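*Asks:* I am attaching a structure below and will ask some questions about it afterwards.
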Amino acid sequence: MTTTVLDSLTVKLTALVTTQKSHPWTTPALAAKLDSAQAAVAGIAATAKLATSSSSAPAPVAKTDALSLGVGVSAATAASLKAGISLGVGFSASTSIAASFQTSLTAAIGLVAGLDRELGALNTSSAAIAGSNGVMPPGRAADSAGVDAALRSLTSKLSEAQGQAAAQAPPAEVSPLTAEIRMSRLGAWQAELATDDETALTGKISFTIDEQTFVGTVLPGNTGIDGSRARCRVVAGNGRHDATITGKSYTGGAGVRVGAVLRDILHDCGEDLSDLSDGPTLDRYLPRWHVSSGPANQALTDLAESVGCSWRFLRDGTVWFGPETWPEVTPDHRVVDEDWSAGALMLAPDTPDMVPGVVFQGTRIEHVIHHLGEHLRTEVRSSSPATALKKFLGGQRRQADYSTEWPCEVVTQNPDGTLQLLPDDDVMKARGLDKVPIRYPFPGMRIRVKPGARCHLAFAGHDPARPFAHNWEEGDEFLEFVDFTADGRSAPIGREGDALQVFADPATPIPINGTLAGSPFSGVITILTPFIGVIQTGNPKFRA
């Protein structure tokens with residue numbers, strides 16, 4: 001199916017470019033832009049041919065220590081790995097990436113059609129200016145703003161499709177001459193590489209340094225040729241961990257599994273989940289959860305914080321998610337510079353196997369930097385988990401998130417009194433939030449509102465699992481009733497000046513003194529029917 005759509009895109013764009021370049025008023029600049037778009041489609045097609053889908057049973061693992069695997073695992077997990085038994089935890093994002101690739105190609109065909117319309121308008125205007133001889137007068141040109149805008153949109157979409165095609169392709173093997181690999185206990189590792197390749201590196205690559213293989217993706221804006229060397233910056237995995245994802249709200253009687261939220265985030269951004277991730281953690285249930293629209297790495301951090309876990313990319317380019325076990329490691333690495341007072345240690349290792357999340361010489365390792373140059377060196381750094389988390393979140397957390405209030409509109413109020421809300425802000429909007437409880441100013445109060453009522457959404461303790469609605473905006477036309485319950489009893493109330501219907505107990509005669517039909521009367525009267533009265537006084541401390 002993808003091949004058919006890609007072929008259609010190639011044919012349509014080729015025909016459009018060929019036709020446009022045949023017009024005498026097509027400028028060299030426009031021709032170059034059209035050729036660039038055509039070359040981008042050819043590049044996508046070449047990358048797509050490399051994409052393969054294969055699955056095989058996991059091979060038994062000889063070593064299951066933290067440095068060999070890249071992360072500490074439980075004894076049960078280690079036993080399964082040694083036996084070659086699939087843990088059934090991880091998954092590949094190739095299916096979701098393939099679907100996104102298909103969507104991007106289809107969108108690109110639509111953009112080619114839009115470009116065709118804009119070029120048609122340009123050609124009509126140009127023909128009118130050029131006249132019968134088809135030659136544009138000096139200094140005259142038709143307005144090409146529409147064409148330029150259409151080309152920008154197409155170029156952007158083709159770039160997106162190229163990234164999706166590259167994510168599906170097997171990594172190209174490269175041999176770095178020099179490298180610096182920075183690994184943190186939270187997030188994605190990055191590497192600066194220099195190779196002897198004659199062309200700039202692109203797409204997904206793998207590189208091996210002394211038996212340790214790293215899989216990542218070259219960042220498009222950070223690659224090129226410097227003299228006789230190709231230099232690039234590589235980010236772990238498919239390079240999509242910071243992609244913008246669509247928000248989603250999870251509600252339901254039984255809650256939602258942590259694994260379900262995690263898989264949705266990774267599928268949406270196009271990253272793979274490691275089979276070494278902690279199964280019991282993924283099987284935990286959250287009573288509710290909300291993922292706001294924004295970078296996927298922020299959504300991963302929010303989820304990890306809520307269950308007391310970490311997430312990071314392993315050397316193989318997959319995302320590990322789980323609680324830290326802090327295994328103690330004793331590699332036979334020579335120490336060349338020790339300064340634990342500054343939280344740093346420089347090692348001369350045989351292989352770059354040191355990773356964050358382990359205990360080395362009694363110290364928890366938060367950051368690891370591998371340097372490959374004339375010699376291989378590994379720098380390990382320590383800091384408290386709280387400090388490391390604060391530093392990591394400082395560059396990740398958005399200006400406005402779960403720590404602020406979000407104006408909302410009530411879609412409807414559920415029978416249990418909770419609300420379906422639609423936030424105004426696109427970041428929080430997603431598809432709306434359901435089952436949001438109302439926080440009242442005091443116990444015993446409840447309200448019923450109509451759709452369209454306005455309130456503020458907040459999160460208790462900045463926790464996405466604890467939303468509530470409060471701070472109602474003006475608009476009493478959206479209020480159906482306010483109810484106060486005390487001692488289990490609730491009834492309508494009256495206000496001073498309101499008319500009310502009074503019932504007298506027929507079994508209790510009422511003594512009266514006055515006149516009856518103009519004559520003095522003293523005795524009792526029994527009232528058998530209700531009568532109307534007016535409330536004259538009320539509690540001045542309670543008004544409605």
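The values are calculated or read from the model by the stated rules, or taken from the named source; none is laboratory data. It should be emphasised that the depicted structure is a prediction, and the values quoted were computed from it without experimental measurement. As a convention, Cβ positions derive from the backbone with ideal geometry for all residues, glycine included, and neighbour counts pool all protein chains shown.
*Asks:* Quickly run through segment 226-251 and pick out the residues that are in contact with a helix residue (DSSP H, G or I) (Cβ under 8 Å, 6 or more places away or on another chain) and either among the β-branched types (Val, Ile, Thr) or within 15 Å of PRO295 (Cα to Cα) (or both). Break it down into steps so the answer makes sense when it comes.
*Replies:* Of segment 226-251, the ones in contact with a helix residue (DSSP H, G or I) (Cβ under 8 Å, 6 or more places away or on another chain) are 238-248, 250.
Once the filter is applied, which keeps residues that are in contact with a helix residue (DSSP H, G or I) (Cβ under 8 Å, 6 or more places away or on another chain) and either among the β-branched types (Val, Ile, Thr) or within 15 Å of PRO295 (Cα to Cα) (or both), segment 226-251 yields ASN238, GLY239, ARG240, HIS241, ASP242, ALA243, THR244, ILE245, THR246, GLY247, LYS248.
*Asks:* I would also like to ask the following. Only one residue in ALA161, ALA142 is buried (at least 16 other Cβ atoms within 10 Å of the Cβ), within 30 Å of ALA128 (Cα to Cα) and touching a Ser or Thr at 6+ places or on another chain (Cβ under 8 Å). Which one?
*Replies:* Details: ALA161 fails: within 30 Å of ALA128 (Cα to Cα).
From the options ALA161, ALA142, the qualifying one is ALA142.
*Asks:* Please verify whether segment 26-46 includes one or more residues that are modelled with pLDDT of 75 or more and part of a loop (DSSP other than H, G, I, E, B).
*Replies:* Yes; the residues of segment 26-46 include at least one that is modelled with pLDDT of 75 or more and part of a loop (DSSP other than H, G, I, E, B).
*Asks:* So which pairs qualify, if the first residue must be in segment 204-230 and loosely packed, with under 13 Cβ neighbours inside 10 Å, the second must be basic (Lys, Arg), the Cβ gap must be under 7 Å, and the two must be at least 6 apart or on different chains?
*Replies:* As it stands, the answer is GLY224/ARG231, since those pairs meet every condition given.
*Asks:* Cβ-Cβ below 8 Å, separation at least six or inter-chain, first residue in segment 461-481 and touching a residue at least 60 places away in the same chain (Cβ under 8 Å) and on the phi < 0 side of the Ramachandran plot, second assigned to a helix (DSSP H, G or I) and not hydrophobic (A, V, I, L, M, F, W, C): which pairs?
*Replies:* Listed pairs, sorted by first residue: ASP463/SER306; PRO464/ASP302; PRO464/SER306; ALA465/SER306.
*Asks:* While we're on this one: Quick check: anything in segment 291-305 surrounded by fewer than 21 Cβ atoms within 10 Å (Cβ to Cβ) and under 25 Å from SER80 (Cβ atoms)?
*Replies:* No, there is no match, as no residue in segment 291-305 is surrounded by fewer than 21 Cβ atoms within 10 Å (Cβ to Cβ) and under 25 Å from SER80 (Cβ atoms).
*Asks:* Which residues, taken from segment 447-478, are in a strand (DSSP E or B) and among the aromatic types (Phe, Trp, Tyr)? Full working, then the answer.
*Replies:* Of segment 447-478, the ones in a strand (DSSP E or B) are 447-449, 454-459, 467-470.
Matches in segment 447-478: PHE459, PHE468.
*Asks:* Sticking with this structure for a sec: Can you name the residue in segment 317-339 that is out of contact with any Cys (no Cβ under 8 Å at 6 or more places or on another chain), modelled with pLDDT of 90 or more and part of a strand (DSSP E or B) and, of all such residues, is surrounded by the most Cβ atoms within 10 Å (Cβ to Cβ)?
*Replies:* VAL319
*Asks:* While we're here: Can you tell me which of ALA141, ALA128, ALA107 is assigned to a loop (DSSP other than H, G, I, E, B) and more than 30 Å from TRP311 (Cα to Cα)?
*Replies:* Values: ALA128 fails: assigned to a loop (DSSP other than H, G, I, E, B); ALA107 fails: assigned to a loop (DSSP other than H, G, I, E, B).
Going through ALA141, ALA128, ALA107 in turn, just one is assigned to a loop (DSSP other than H, G, I, E, B) and more than 30 Å from TRP311 (Cα to Cα): ALA141.
*Asks:* Only strands (runs of 3 or more DSSP E) wholly contained in segment 489-536 count here; list those with 1 or more residues that are at pLDDT 75 or above and within 30 Å of GLY444 (Cβ to Cβ).
*Replies:* Details: elements: 499-502, 510-516, 519-525, 531-534.
Once the strands (runs of 3 or more DSSP E) in segment 489-536 are filtered for at least 1 residues that are at pLDDT 75 or above and within 30 Å of GLY444 (Cβ to Cβ), what remains is 499-502, 531-534.
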